[in-house]
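The values are calculated or read from the model by the stated rules, or taken from the named source; none is laboratory data. Treat the numbers as computed from the prediction; the structure is a model and nothing was measured. When we count neighbours, we look across all protein chains shown, and the Cβ atoms used for this are built from the backbone with ideal geometry, even at glycine. For the accessible areas, the whole protein counts, side chains as well, though only heavy atoms, and no ligand, DNA or RNA atoms are used. Shrake-Rupley method; radii C 1.70, N 1.55, O 1.52, S 1.80 Å.
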Amino acid sequence: MTTTPPREDDSQLEVGHRETWAVGVPGIVHSMVPAIEGMGVARTAKLMLGLNQKDGYDCPSCAWPDPDRRKAAEFCENGAKAVTWEATPIAVPRSFWGQHSIDDLLTRSEHWLGMQGRLVEPVYKPAGKNHYEPVSWEKAFEIIASHLNELESPDEAAFYTSGRTANETAFAYQLFVRAFGTNNLPDCSNMCHESTGTAMGETLGVGKSTIAYDDFEDTDLIIVMGQNPGTNHPRMLTALEDAKRKGAKIVAINPLPEAGLMRYKNPQRPRGIVGHGTKIADQFVHIRLGGDMALMQALSKRVLDAERAAPGTVLDHEFLAEHCSGLEEFMAHIDHLDEADVLEATGLTASEIDELAERYITADRVIITWAMGITQQKKAVSTIKEIVNLLLLRGNMGKPGAGASPIRGHSNVQGDRTMGIWEKMPDAFLDALQKEFEFDPPRKHGLDSVNAMKAMARGDIKVWFAMGGNLVAAISDSQVAEAAMRGTRLTVQVSTKLNRSHAVIGEEALILPTKGRTELDRQASGLQFVSVEDTVCAVHASSGKVEPISNHLLSEMAIVSRLARAVLGDESPIDWAGFEANYDLIRDHIANVVPGFENFNERIRNIDGFVLPNGPRDSRTFNTLTGRAMITVNHLEPVVRPEGTLLLQTLRSHDQYNTTIYSLNDRYRGIKKGRSVVFVNPLDLDELGLEDGQLVDVFSEWNDGIERVLRSYRVVSYPSARGCAAAYYPEANVLVPLDSVTDESNTPVSKAVVVRLVPAAALVP
Ligand SMILES: Nc1nc2c(c(=O)[nH]1)N[C@H]1C(S)=C(S)[C@@H](COP(=O)(O)OP(=O)(O)OC[C@H]3O[C@@H](n4cnc5c(=O)[nH]c(N)nc54)[C@H](O)[C@@H]3O)O[C@H]1N2
Ligand SMILES: Nc1nc2c(c(=O)[nH]1)N[C@H]1C(S)=C(S)[C@@H](COP(=O)(O)OP(=O)(O)OC[C@H]3O[C@@H](n4cnc5c(=O)[nH]c(N)nc54)[C@H](O)[C@@H]3O)O[C@H]1N2
Ligand SMILES: [Mo]
């Protein structure tokens, strides 16, 4: 049995020049060629013209919002890749299951698995067998029901959600899980923006962005931290470009000079095709991994010092007096900040920090955005609280063009939370559920992703059910995670395509294929649509455009409905069959349970959708312990990097979507046909006695006696900040210990893994 995920074929790996600008002609060409080749011109046109349009479907890639004025082609290169990947006309043939045993699937890479086509029939792997075999939907639900109903406690099952699930399905799914009797609802958010929700929830009373889309057009300064928009939120580059045209300045804070942060050639403007494009970052802050908390504190200190030098001119006294708590304690604490600690943690010079402070102080309206470079750090929650502190000092909250804007990942990860996908939903939500459906939802908090893995490793989770995603590949400590998953009795994956989680399974396993976002969804009452929430809290409808790849597929809603009927039986007072026949019925319940969704069915039919209420944004109201925006005191704890080691971040290439590998290329970083590379600063290479192009074994250091290593990785000399290396996720999850989590939010620390590079003992594999 293979114990480590197999690697992609790197035999043709090429390392060339990195790009210093993003998108432009190559972007659009790259996005259209595979689509047309795979699907033909007509299907491609239908799909692309419906993507992100008001009467179309929501892009399944990221959670970037749609502007009010849409272009005919309102999509990016990577959105087109996601759509092409999902809407491929190739289906996994029935013969596949006989030809490929589980042991065989275990030797296949993520790229190979994803390329086999769409899953079109339910398959079952019985205990003791080494093959999946086709099974009827009825039989599949019977198997799940008998396993779930045999458990000693509902808490012996866990129900995962990946962030593509639409609002209606997510609501029905959590309702089923709670009616079954557990809050074990881990989700991808536990590995993603959990730190954001924790920090903002506590300090501002809402874990979501406090700005609206239009605020990007109405601001003086945008600070983009720990985020690679050129690859992961490409349409954000258009918003940044628009902001610049209106006079805003942009600062990028990143250990890597990501192409999209430097210069952008907009393929939708003539100038983007022939010209030099737009310079994006006015200041690039080349920070060390994990240095952001120190930087935020240093900026706040400079703001406070400037106020002392010119009293009454720097702080927003009115806002602070009326809306904030904790200023005095914060000032006393920040006064003791040691500049030497800051310079060490950030790797910056004092004058670089002075320049940024000056930009911040002279801007009336400031937005700070961030993503995984911040949330997956050990001190992520404290860092985000310091972002909030800095914004509050100058009243950059709840006024046009200003606020805190986490940029979410999966296209509906934010909506899933709003709908109750969380292991610890507040009592107010559970009370509303109780009132609406007349049952007692469990109150004991459930397991998040990391704790679910640990419970599984202990043998406490017997049934694993996943609504999308690929947890064994996405979570830290691949070997520990795989061993844990194999210890379960039954694993069930609702999926569109094959991935590693279909090979690393329990004693018995099921794959339930489902319709994708791009496909038409017909039910008894007619054609259905679903809804999603984007990163700035706007909710809108999404309707598929093309015929489903197979008539045998069920929608996710139909799967939840049938699962609930099979498990809970006919005595369940909830109208599960009705939900499947007509999604309006579940929307009526959502309207009664979830604040902000009043008259849901009526308002979702408005072509523009609607924006959810948001206290900080709308009225400077803060639902916190003090009833005010909380300025907090956070203790700096620099990341320790023992001599001879590097800090490694695990990140995305340009041609992947999380664990889905579209191709082995990473165009902007100059990598082709391979992924086993580790990017290291040339001065660090000198210091470590290593050379560009050399093969190394990458060992992670964690004192628990387990050897965690990636063998034969090629060193790529790259302008990463000093002491900071980078390698691709999900492969590098082998190196991240399951116990290495952020304080307070229990997110795997995927962005600062202590590693040692050792010249590879073996020859190229
Ligand atoms: N095409 C595509 N789109 C996607 C995804 C995808 O895989 N492919 N994934 C989606 C999902 S789920 C998510 S969550 C988002 C992820 O979007 P990103 O957060 O942009 O994803 P990463 O590739 O993890 O990039 C992390 C960035 O943070 C920087 N960084 C790392 N550590 C630090 C640090 O300590 N400080 C600072 N200041 N910067 C740091 C890295 O250099 C890198 O630029 O994208 C979403 N959109
Ligand atoms: N080391 C490291 N680990 C990380 C990260 C990192 O930066 N570094 N990032 C973390 C982050 S931000 C996230 S969000 C997680 C992602 O974790 P997941 O959400 O679990 O992983 P994905 O790769 O997005 O899941 C892809 C699978 O979802 C299925 N799928 C796609 N579309 C649909 C659909 O419409 N319906 C259903 N039912 N299934 C569908 C397909 O079968 C596909 O193979 O990974 C986390 N892990
Ligand atoms: Mo994410």
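Regarding Arg486, is this residue more than 16 Å from ligand 1 (Cβ to nearest atom) and among the charged types (D, E, K, R)? Yes; evaluated as a whole, the condition is true for this residue.
Scanning the stretch 449-469 for residues that are within 16 Å of ligand 1 (Cβ to nearest atom) and open to solvent by 10 Å² or more (accessible area, probe 1.4 Å) returns Gly468, Gly469.
May I ask you to verify whether Glu731 is within 19 Å of the chain's Cα centre (by Cα) and over 29 Å from Leu343 (Cβ atoms)? Judged against the criteria, Glu731 is a match.
Among residues that are at pLDDT 95 or above, open to solvent by 30 Å² or more (accessible area, probe 1.4 Å), within 16 Å of ligand 3 (Cβ to nearest atom) and not hydroxyl-bearing (Ser, Thr, Tyr), Lys249 is not included. Listed residues Glu580, Glu556, Glu571; which is within 22 Å of Phe180 (Cβ to Cβ) and out of contact with any strand residue (DSSP E or B) (no Cβ under 7 Å at 6 or more places or on another chain)? Within the list Glu580, Glu556, Glu571, the selection yields Glu571. Listed by position, the helices (runs of 4 or more DSSP H) contained in the stretch 278-393 that have at least 1 residues being assigned by TED's automatic domain parsing to the domain that holds Pro267 and open to solvent by 50 Å² or more (accessible area, probe 1.4 Å) are 292-309, 317-323, 327-334, 339-346, 350-362. Please work out if Val754 is open to solvent by less than 10 Å² (accessible area, probe 1.4 Å), at negative phi and assigned to a strand (DSSP E or B). Answer is no for this residue.
Checking each residue in the stretch 167-196 for being open to solvent by less than 10 Å² (accessible area, probe 1.4 Å) and of a type in the set (Gly, Ala, Ser) picks out Ala170, Ala172, Ser189, Ser195.
Against the condition away from ligand 2 (no atom under 15 Å from the Cβ) and closer than 28 Å to Met225 by Cα, how does Leu392 come out, does it pass? Yes: the conditions hold for Leu392. Do you know which of the residues in the stretch 158-202 that are out of contact with any Gly (no Cβ under 9 Å at 6 or more places or on another chain) and among the aliphatic types (A, V, I, L, M) is nearest to ligand 1 (Cβ to nearest atom)? This residue is Met191. A residue that is more than 16 Å from ligand 2 (Cβ to nearest atom) and touching a Cys at 6+ places or on another chain (Cβ under 6 Å) occurs somewhere in the stretch 233-255. Selection over the stretch 651-666 of residues that are hydrophobic (A, V, I, L, M, F, W, C) and either more than 7 Å from ligand 1 (Cβ to nearest atom) or over 12 Å from the mean Cα position of the chain (by Cα) (or both) gives a count of 2. Condition (residue is within 13 Å of ligand 1 (Cβ to nearest atom), at pLDDT 95 or above and closer than 24 Å to Asp218 by Cβ) applied to the stretch 390-400: is it met by at least one residue? No, every residue in the stretch 390-400 fails to be within 13 Å of ligand 1 (Cβ to nearest atom), at pLDDT 95 or above and closer than 24 Å to Asp218 by Cβ. Among the residues of the stretch 114-136, just one is in contact with a helix residue (DSSP H, G or I) (Cβ under 7 Å, 6 or more places away or on another chain) and hydrophobic (A, V, I, L, M, F, W, C), namely Val123. Screening the candidates Ala727, Ala721 for the property of being part of a strand (DSSP E or B), out of contact with any helix residue (DSSP H, G or I) (no Cβ under 7 Å at 6 or more places or on another chain) and open to solvent by less than 10 Å² (accessible area, probe 1.4 Å) yields one hit, Ala727. Scanning the stretch 401-421 for residues that are farther than 13 Å from Phe171 by Cα, assigned to a loop (DSSP other than H, G, I, E, B) and within 14 Å of ligand 1 (Cβ to nearest atom) gives Ile407, Arg408, Gly409, Ser411. When Asp618, Asp534 are checked against the criterion of being at pLDDT 95 or above, over 21 Å from Asp416 (Cα atoms) and either within 28 Å of the chain's Cα centre (by Cα) or open to solvent by less than 10 Å² (accessible area, probe 1.4 Å) (or both), Asp618 stands alone in meeting it. From the list Ala140, Ala158, Ala166, Ala170, the lone residue that is in contact with a Phe, Trp or Tyr (Cβ under 7 Å, 6 or more places away or on another chain), of a type in the set (Gly, Ala, Ser) and within 28 Å of Asn551 (Cα to Cα) is Ala140.
Within the stretch 75-89, residues that are under 13 Å from Thr238 (Cβ atoms) and not assigned by TED's automatic domain parsing to the domain that holds Asp655 have Cβ atoms under 6 Å from residues that are of a type outside the set (Lys, Arg) and part of a helix (DSSP H, G or I) in these pairs: Glu77/Gly27; Glu77/His30; Glu77/Ser31, counting only partners at least 6 apart in sequence or on another chain. The criterion of at least 3 residues that are crowded, with 17+ Cβ neighbours inside 10 Å is met by the following helices (runs of 4 or more DSSP H) wholly inside the stretch 63-127: 77-86, 102-106, 110-114. When the stretch 497-513 is filtered for residues that are of a type outside the set (D, E, K, R) and surrounded by 23 or more Cβ atoms within 10 Å (Cβ to Cβ), the ones remaining, listed by number, are Leu498, Asn499, Ser501, His502, Ala503, Val504, Ile505, Ala509, Leu510, Ile511, Leu512, Pro513. Under the condition of being of a type in the set (S, T, N, Q) and either open to solvent by 10 Å² or more (accessible area, probe 1.4 Å) or within 16 Å of the chain's Cα centre (by Cα) (or both), the residues counted in the stretch 209-218 number 1.
Close Cβ contacts (under 9 Å, 6 or more residues apart or on different chains) running from residues in the stretch 456-476 that are aromatic (Phe, Trp, Tyr) to residues that are within 16 Å of ligand 3 (Cβ to nearest atom) and not in a helix (DSSP H, G or I) comprise Trp464/Tyr160; Phe465/Tyr160. Take Lys379 and tell me if it is basic (Lys, Arg) and within 14 Å of Met296 (Cα to Cα). Judged against the criteria, Lys379 is a match.
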